[in-house]
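Take a look at the structure set out below.
The values are calculated or read from the model by the stated rules, or taken from the named source; none is laboratory data. The model shown is predicted, which means the values in this text are computed figures rather than measured ones. Glycine also receives a Cβ, built like all others from the backbone with ideal geometry; neighbour counts cover every protein chain displayed.
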Amino acid sequence: MKFQPDNNGYYGQFGGAFIPELLYPNVKELEDNYIQIIESESFQKEYKDLLKHYVGRPSPLYLAKRLSQKYGATIYLKREDLNHTGAHKVNNTIGQILIAKHLGKTKIIAETGAGQHGVATATVCALMDLECVVFMGETDIKRQAPNVARMKMLGAKVVPATSGSKTLKDATNEAIRYWIQHPDTYYLIGSVVGPHPYPDMVARLQAVISEEMKVQLKEQTGKENPNTIIACVGGGSNAAGAFYHYLEDEEVELIAVEAAGLGVDSGESAATSQLGEVGVIHGSKTILMQDEYGQIIEPYSISAGLDYPGVGPLHAFLHETKRAMFMNATDKEALAAAYELTKIEGIIPALESAHALAVLPKMNLQKDQVVVVNLSGRGDKDLETYIKHLE
Amino acid sequence: MNSIQNIFNQKENDLLSIFFTAGFPKLDDTTKIITELSNTEVDFIEVGLPYSDPLADGPTIQHSSDIALKNGMNLDVVFEQLSSIKDTNKTPLVLMGYVNQIIKYGEDRFCQKVKDCGIDTVIIPDLPMVEYENHYQQLFDNYGITNVFLITPHTSEERIRKIDSLTKAFIYMVASASITGAKGEISEEQIGYFRRIQNMNLKSKLIVGFGISNQKTFSTACEYANGAIIGSAFIRNLDKDGVKGVSDFISNVKKC
């Protein structure tokens with residue numbers, strides 16, 4: 001149980017709940033109830049039922065033959081891109097919306113970067129007939145227009161965050177400020193970040209990814225455990241889900257891939273584990289990109305889902321204890337990986353997931369090595385970027 | 001004795017505190033504003049350490065923080081400014097900053113610098129009680145520094161009692177469920193909350209903040225607490241009139 005948080009939400013030195021007093025009753029209510037709710041029979045029944053019939057789970061575990069051939073290993077893709085709404089994000093929003101309902105909340109707020117979490121939140125709010133407000137950076141609103149339109153069509157109100165770099169970090173700040181002023185709302189956080197219990201709660205809700213992987217690998221290879229699991233990390237929710245049931249199986253190599261942007265040392269990057277230091281962001285003690293006075297640095301990546309200056313506290317702990325290996329991929333490498341997968345497997349990945357694929361050429365893969373790449377989302381939302389760079 | 005507690009020994013009612021952001025509107029205005037405020041009826045001054053991601057602050061203070069950071073303000077500069085007036089300034093100062101600034105600067109180094117500036121009271125809005133007790137209380141004690149806790153309309157009685165027992169300077173009573181920012185009015189509901197806290201007969205003094213902006217809201221708050229803090233309204237006035245408008249702003253708040 002080394003990788004479970006303690007009573008105060010700490011993974012080693014990382015985690016906790018650094019929140020203004022105004023948020024204390026809300027966070028405390030959630031902390032006191034989330035495990036009991038998640039473990040209850042009624043929650044499990046409804047959650048599993050929705051995941052199966054509404055989301056379309058289990059998501060396939062696909063043996064990518066041509067990709068395997070190319071890299072000389074046995075490479076499986078965990079197809080989170082085939083979920084309803086197009087990414088792993090919906091696993092978490094289905095779970096949290098049921099928790100919110102259980103707590104009697106009627107209004108939901110969320111932050112979003114690429115818009116995937118915003119869409120997944122707006123979707124479950126439509127499904128449950130709950131009011132939904134999504135905070136999104138003004139810059140992201142411009143570069144992710146189709147997702148903004150989807151959220152609006154789903155009945156959500158999209159509020160632009162105009163402070164700072166006008167991206168995910170600022171959208172999160174605005175969501176927290178709104179939450180402080182409207183304590184009756186439920187804040188549906190989209191990643192394994194934020195004050196305890198959010199990182200643990202979101203990890204538990206995304207854990208369905210690795211739960212299924214164990215069953216599917218057993219069926220397809222005869223063994224539950226692969227040699228290696230690769231997932232991209234912004235805040236880290238898809239990686240947390242893909243790693244979760246393998247954390248204690250130390251023989252399984254876990255690889256977290258961060259966005260290097262124009263290069264780790266270019267000044268335009270989001271590779272938090274390489275550039276960050278210990279600090280507090282959005283209520284959690286973790287590793288974050290900051291200057292010598294603790295001012296948070298604006299990250300950069302071509303991918304709007306990975307340009308976050310921090311990383312969830314579980315990942316900070318996995319990095320510190322070396323349980324996971326942290327690698328990174330530049331914009332260019334991610335684009336190349338996306339074009340390659342599209343061409344040889346007929347799958348257009350999200351730019352975020354393309355970062356996970358982009359480390360395959362950098363690894364010294366062995367022929368009998370079983371590798372699972374968590375294909376966290378599909379690339380429809382990134383078509384404009386893909387078309388632009390194809391020319 | 002704690003410097004703020006010391007003021008309460010001389011005066012128990014109608015205390016006025018002003019919050020402003022160090023380095024705003026100009027980098028070297030920090031000491032000028034403190035000097036101006038010291039010549040008025042202000043009882044103690046909160047100096048905000050500008051932060052890139054101030055979660056508990058509304059648009060006015062966010063804006064002042066942005067400008068201050070652009071002006072080149074940082075912890076080394078502010079400590080240098082504050083130590084330069086240490087011997088002349090007679091009005092107690094309270095520092096307000098976010099916990100990440102302290103962690104990155106180095107917790108011991110931060111405390112030493114605070115102490116060197118003659119300051120013994122800090123407010124860290126994102127440092128909750130459990131983290132304070134587990135990781136900061138001993139450290140702050142070592143440097144003779146005390147932390148101010150906030151209470152809100154939603155803080156339970158049990159928690160308020162605990163905060164009361166940990167308090168050495170004063171309890172910061174957040175006027176409403178909100179981020180900082182002047183609203184101009186105090187509602188019946190807020191008064192009900194002030195009365196509820198007043199009736200708890202806490203040992204600590206109470207200072208009201210968030211939403212106090214003028215003579216009217218200040219005097220209403222003072223009916224139920226020992227004093228009040230004005231922040232955003234003062235910063236807006238600084239933005240408009242600069243340092244020269246400081247004394248007029250205070251006389252307007254204090255006029256009866």
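Condition test on residue B:87, is it acidic (Asp, Glu) and under 15 Å from the mean Cα position of the chain (by Cα)? When the stated conditions are applied, residue B:87 does not pass them.
For region A:119-130, a residue qualifies if it is in contact (Cβ under 8 Å) with a residue 60 or more places away in the chain and touching a strand residue (DSSP E or B) at 6+ places or on another chain (Cβ under 8 Å), and the qualifying residues are A:120, A:121. Filtered by the rule that a residue be outside any helix (DSSP H, G or I) and surrounded by fewer than 18 Cβ atoms within 10 Å (Cβ to Cβ), region A:65-78 gives a lone residue, A:72.
For every residue, the table says whether it meets (1) within 23 Å of residue A:174 (Cα to Cα); (2) touching a Lys or Arg at 6+ places or on another chain (Cβ under 9 Å); (3) without any contact (Cβ under 8 Å) to a residue 60 or more places away in the chain; (4) buried (at least 24 other Cβ atoms within 10 Å of the Cβ).
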{"residue": "A:261", "(1), (2), (3), (4)": "no, no, no, yes"}
{"residue": "A:268", "(1), (2), (3), (4)": "no, no, yes, no"}
{"residue": "A:280", "(1), (2), (3), (4)": "yes, no, no, yes"}
{"residue": "A:286", "(1), (2), (3), (4)": "yes, no, no, yes"}
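For residue A:14, the requirement of being of a type outside the set (Lys, Arg), in contact with a Ser or Thr (Cβ under 9 Å, 6 or more places away or on another chain) and away from chain B (no Cβ under 11 Å) is met.
Among all positions in region A:17-24, there is no residue which is of a type in the set (Asp, Glu), in contact with a strand residue (DSSP E or B) (Cβ under 9 Å, 6 or more places away or on another chain) and assigned to a loop (DSSP other than H, G, I, E, B).
Mind checking whether some residue in region A:222-240 is surrounded by fewer than 20 Cβ atoms within 10 Å (Cβ to Cβ), modelled with pLDDT of 95 or more, part of a helix (DSSP H, G or I) and away from every other protein chain (no Cβ under 13 Å)? No, that holds for no residue. All conditions in (1) within 25 Å of residue A:336 (Cβ to Cβ); (2) in contact (Cβ under 8 Å) with a residue 40 or more places away in the chain hold for residue A:298, with the sole exception of (1). Only helices (runs of 4 or more DSSP H) whose full extent lies in region B:175-256 are considered here, and the ones with at least 3 residues that are out of contact with any helix residue (DSSP H, G or I) (no Cβ under 8 Å at 6 or more places or on another chain) are B:188-198, B:215-224. Scan region A:156-163 and tell me whether some residue there is out of contact with any Pro (no Cβ under 9 Å at 6 or more places or on another chain), in a strand (DSSP E or B), within 14 Å of chain B (Cβ to nearest Cβ) and buried (at least 24 other Cβ atoms within 10 Å of the Cβ). Yes, some residue in region A:156-163 is out of contact with any Pro (no Cβ under 9 Å at 6 or more places or on another chain), in a strand (DSSP E or B), within 14 Å of chain B (Cβ to nearest Cβ) and buried (at least 24 other Cβ atoms within 10 Å of the Cβ).
Within region A:135-155, if we keep just the residues that are farther than 21 Å from residue B:53 by Cβ, under 20 Å from the mean Cα position of the chain (by Cα) and of a type in the set (D, E, K, R), the residue that is surrounded by the fewest Cβ atoms within 10 Å (Cβ to Cβ) turns out to be A:143.
Do we find a residue being within 14 Å of another protein chain (Cβ to nearest Cβ) and crowded, with 22+ Cβ neighbours inside 10 Å anywhere in region A:87-108? No: zero hits. Of the listed requirements (1) at pLDDT 95 or above; (2) surrounded by 24 or more Cβ atoms within 10 Å (Cβ to Cβ); (3) touching a Lys or Arg at 6+ places or on another chain (Cβ under 7 Å), residue A:62 misses just one: (2). Would you say residue A:231 is under 20 Å from the mean Cα position of the chain (by Cα), over 30 Å from residue A:28 (Cβ atoms) and either assigned by TED's automatic domain parsing to the domain that holds residue A:179 or of a type in the set (Gly, Ala, Ser) (or both)? Criteria met by residue A:231.
Restricting A:339, A:300 to those that are aromatic (Phe, Trp, Tyr) and out of contact with any strand residue (DSSP E or B) (no Cβ under 6 Å at 6 or more places or on another chain) reduces the list to A:339.
Here is a yes/no grid of residues against (1) over 26 Å from residue B:34 (Cα atoms); (2) crowded, with 21+ Cβ neighbours inside 10 Å:
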| site | (1), (2) |
| --- | --- |
| B:93 | no, yes |
| B:96 | no, yes |
| B:101 | no, yes |
| B:112 | no, no |
| B:120 | no, yes |
| B:128 | yes, yes |
| B:135 | yes, no |
| B:144 | no, no |
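The requirement of being more than 9 Å from chain A (Cβ to nearest Cβ), surrounded by fewer than 22 Cβ atoms within 10 Å (Cβ to Cβ) and touching an Asp or Glu at 6+ places or on another chain (Cβ under 8 Å) is satisfied by residue B:139. Elements of the type helices (runs of 4 or more DSSP H) sitting completely within region B:17-133 and holding at least 1 residues that are closer than 22 Å to residue B:209 by Cβ, at pLDDT 95 or above and within 11 Å of chain A (Cβ to nearest Cβ): these cover B:59-70, B:75-84, B:99-105. When region B:165-189 is limited to residues that are away from chain A (no Cβ under 14 Å) and without any contact (Cβ under 8 Å) to a residue 40 or more places away in the chain, the one that is surrounded by the fewest Cβ atoms within 10 Å (Cβ to Cβ) turns out to be B:188.
Would you confirm, using the coordinates I've provided, whether residue A:50 is of a type in the set (A, V, I, L, M, F, W, C), assigned to a strand (DSSP E or B) and at pLDDT 95 or above?
Taking the combined requirement at face value, the residue does not satisfy it.
When restricted to residues that are modelled with pLDDT of 95 or more and under 24 Å from residue A:307 (Cα atoms), region A:113-131 contains 7. Every condition in (1) at pLDDT 95 or above; (2) within 14 Å of chain B (Cβ to nearest Cβ); (3) assigned to a loop (DSSP other than H, G, I, E, B) is met by residue A:265 except one, and the failing one is (2).
Considering only region A:132-146, how many residues are at pLDDT 90 or above and either aromatic (Phe, Trp, Tyr) or assigned to a loop (DSSP other than H, G, I, E, B) (or both)? Total satisfying the criteria: 1. What do you reckon, is residue A:212 acidic (Asp, Glu), within 14 Å of another protein chain (Cβ to nearest Cβ) and either under 25 Å from residue A:28 (Cα atoms) or assigned to a helix (DSSP H, G or I) (or both)? No, not satisfied.
Look at region A:292-310 and say how many of its residues are within 10 Å of chain B (Cβ to nearest Cβ) and within 21 Å of residue B:56 (Cα to Cα).
7
In this structure, is residue B:29 surrounded by 19 or more Cβ atoms within 10 Å (Cβ to Cβ), touching a Lys or Arg at 6+ places or on another chain (Cβ under 8 Å) and not hydroxyl-bearing (Ser, Thr, Tyr)? The answer is no for residue B:29. Close Cβ contacts (under 8 Å, 6 or more residues apart or on different chains) running from residues in region A:213-233 that are within 23 Å of residue A:354 (Cα to Cα) to residues that are part of a strand (DSSP E or B) and of a type in the set (S, T, N, Q) comprise A:229/A:374; A:230/A:374; A:231/A:374; A:232/A:374. Just a yes or no: is a residue in region A:32-53 within 14 Å of chain B (Cβ to nearest Cβ) and surrounded by fewer than 22 Cβ atoms within 10 Å (Cβ to Cβ)? Yes, the conditions are met somewhere in region A:32-53.
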